[in-house]
Amino acid sequence: MTTFDFNDGNGPVPAARHINKNGDLGGWVAKSAKVANNCYIWENARVYGNAEISGDAKVYGNAQIYGNAKISGNAGISGNVKVYGNAIIYDNAKVFDNV
């Protein structure tokens, strides 16, 4: 079993690298999180906790999606963005830079 430490105080947890639909190796995703096959997760991005990413959502850069956050539709997250708690980002929303 592969583990990864998301530096959230929980230590190493079961996780795997996401494989993007174009075959590129994506970022780390905790086994507790859900990422749909159509989603694109950049190699430095992190998805953990109970986060869910669905639709054709894209997570780029050093973005971190965690807690109970949900990203869906054609939403795009990039840069050093942290989406967490019970945040929901959907449709064509774009969140970027250092938000």
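The values are calculated or read from the model by the stated rules, or taken from the named source; none is laboratory data. Everything numeric here is computed off the predicted structure, so don't read it as measured data. We work out accessible area using only protein heavy atoms, side chains counted, and drop any ligands, DNA or RNA first. Shrake-Rupley method; radii C 1.70, N 1.55, O 1.52, S 1.80 Å.
Points worth noting:
- Over the chain, accessible surface divided per residue gives 55 Å², non-protein components excluded, 1.4 Å probe.
- Share of carbon and sulfur in the accessible heavy-atom surface of the chain [1.4 Å probe, %]: 48 percent
- Working from Cα pairs under 8 Å separated by at least six residues, relative contact order for the chain is 17 percent.
- For residue 31, the lysines whose Cα comes closer than 24 Å to its Cα, not counting residues fewer than 8 places off in the same chain, are 21, 58, 70, 82.
- For residue 58, solvent-accessible area (1.4 Å; no DNA, RNA or ligand), Å²: 80 Å²
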